[in-house]
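Undergrad: I'd like to ask you about the structure that follows.
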Amino acid sequence: MRLCINIDHIATLRNARGGELPDPSDAATICEQAGVDGIVCHLREDRRHIRDNDLKKLRKIITTKLDLEMSIAPDIVRIALMIKPEMVTLVPEKRQELTTEGGLDVVKQKGALQKVINKFHDNGILVSVFINPAQDHIDAAKYIGADMVEIHTGEYSEARSAREKRKHLVIISQMSRLARKLELSVNAGHGLNYSNISPIVKIREIEEVSIGYAIIVRALSVGLETAVREMVALVKGKSS
């Protein structure tokens with residue numbers, strides 16, 4: 001399994017004081033040196049964390065892969081086509097949300113999403129869609145030509161009882177198998193942390209996880225490099 005780290009919260013911390021530090025590009029370099037397989041950032045329409053200049057700097061220095069989370073707003077699509085990340089992950093976006101709250105409604109937005117996906121494919125950019133673990137959304141992702149799905153793990157991560165966690169884990173596992181049968185690559189993310197990642201790692205169909213907040217929080221105690229290496233060990237099954 002591959003681990004990609006979302007560095008949005010580094011930019012959130014910087015923006016709280018309006019200065020230049022901490023620099024998301026510096027954090028990306030540390031994460032790559034610590035063993036991650038890619039860097040994720042979300043260029044939101046309101047630019048609340050990652051900004052246009054951050055994206056340009058990241059494109060220049062990243063040596064693994066850059067995964068740009070984004071809406072399908074025309075301005076954001078234009079920037080993505082100019083930056084040319086290795087892949088984009090299409091996500092829903094609401095101004096009032098603290099973070100992305102759920103999966104993209106691929107079923108209702110088939111036409112608009114398909115047009116955007118075609119543009120990215122014409123420019124050699126892979127496309128993932130961030131979806132809830134539901135069969136109709138996986139079927140729709142295949143229909144519109146997505147290369148992969150990122151399964152929203154929020155309900156699993158937020159479940160309070162062991163029984164509820166198992167229920168959501170079964171659903172994630174079943175939908176991951178369905179996606180692979182449709183020849184879609186499978187990623188997963190949202191709310192994953194050091195205590196709940198191990199059951200996800202056991203789902204063989206999931207090829208990649210995207211984790212951000214938990215690693216940045218852990219970094220406050222042990223430093224970013226150590227926090228990343230600890231998660232790398234868990235994701236890749238190398239922990240003691």
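Undergrad: Going by how many other beta carbons lie within 10 Å of each one, how would you line up D54, D139, D122, fewest first?
TA: Final ranking by Cβ density, sparse to dense: D122, D139, D54.
Undergrad: A further question follows. Projected onto the charge dipole of region 2-235 (+1 at Lys/Arg Cβ, -1 at Asp/Glu Cβ, origin at the Cα centre), which of S173, H49, N187 gives the Cα projection farthest towards the positive end?
TA: Highest projection toward the positive end goes to S173.
Undergrad: Additional query: Find out how many positive minus negative residues lie around A112, taking Lys and Arg as positive, Asp and Glu as negative, among other residues whose Cβ is under 14 Å from that of A112.
TA: +2
Undergrad: Next question. Which value in nm describes the separation of the simple spin-label points at K236 and I79, placed 7 Å from the Cα toward the beta carbon?
TA: 3.2 nm
Undergrad: Right, another one. If exposed GluC sites (Glu not before Pro) are those in a DSSP loop with at most 16 other Cβ within 10 Å, what is the longest stretch of the chain that has none?
TA: Within the chain, the longest run free of exposed GluC sites (Glu not before Pro) spans 102-182.
Undergrad: Can you tell me the length gained on complete extension of the stretch N118 to I61, counting 0.36 nm per residue apart and subtracting the Cα distance?
TA: Extending this stretch completely gives an extra 17.8 nm.
Undergrad: Something else: Relative to the Cα centre, what is the charge dipole magnitude of the chain, using +1 at the beta carbon of each Lys and Arg, -1 at the beta carbon of each Asp and Glu, and rounding to the nearest 20 debye?
TA: 320 debye
Undergrad: Then there's this: List the aspartates and glutamates whose alpha-carbon lies under 14 Å from that of K165, not counting same-chain residues fewer than 8 positions away?
TA: Straight-distance partners of K165: E155.
Undergrad: Counting other C-beta atoms within 10 Å, and keeping those with at most 16, which DSSP coil trypsin sites (Lys or Arg not before Pro) do you find in region 189-240?
TA: Filter output for region 189-240: K202, R204, K236, K238.
Undergrad: Hey, which lysines would be in cross-link range of K57, C-alpha to C-alpha under 17 Å, not counting anything within fewer than 8 residues on its own chain?
TA: Leaving aside lysines fewer than 8 places away in the same chain, those within reach of K57 are K65, K84.
Every number in this text was worked out from the coordinates using simple rules, so none of it is lab data. Everything numeric in this text was worked out from a predicted model, so none of it was measured. Every residue, glycine as well, gets a Cβ built from its backbone with ideal geometry; the counts of neighbours run over all protein chains shown.
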